[in-house]
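**Q** I have a structure I would like to understand better, so I am pasting it below and will then ask my questions one at a time.
Just so it is clear, none of the values below were taken in a lab; they were calculated from the coordinates. What you see is a predicted model, and the numbers here were worked out from it, not measured in a lab. No Cβ is skipped: glycine too gets one built from the backbone with ideal geometry, and neighbour counts run over all protein chains shown.
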Amino acid sequence: MHKLTRAPAAESDDGEMPAENLSALLGRVSENSTSQIDDLVGDFGRLREKLRTDSDRIQREIEEYAALSQQVMQLTKTISESVEKVRASVDRPQGGPQEKEDRIV
């Protein structure tokens, strides 16, 4: 905070400040307050923009994650189906030469 200092030669006989000095003092206080408020408004504007860009980025990343997750699920399904086909072909008799020899004997 800023300290307000009084001008030493500016008091009237009854101990009060003349209107000009009071006006100048209020002007300085008002200018300082206005400047601080303007700085805060600027800070809030920058924070708002950062929040908006972060929100957009997070939304994009969620969408990318969802798409990747869907691809992984589809790939897992494809692999699972392929493994089942391989198991079925291994378990099923092929009727190859070894089986024909076994039937003859």
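**Q** Using r as the Cβ-Cβ distance of ALA66 and VAL86, and R0 as 30 Å, what FRET efficiency do you calculate, to the nearest 0.05?
**A** Efficiency at R0 = 30 Å is approximately 0.45.
**Q** Regarding region 19-90, what's the average projected area of the Cα-atom convex hull, expressed in nm²?
**A** 5.5 nm²
**Q** Assuming R0 = 41 Å, what is the FRET efficiency of VAL29 and ARG57, from their Cβ-Cβ distance, to the nearest 0.05? Present the calculation step by step, with values, prior to reporting the outcome.
**A** Values: r = 42 Å, r/R0 = 1.03.
The computed FRET efficiency comes out at 0.45.
**Q** Obtain the nm distance between the two label points defined at ASN21 and ILE37 by a simple spin-label model: each point lies 7 Å from its Cα along the Cα-to-C-beta direction.
**A** 2.8 nm
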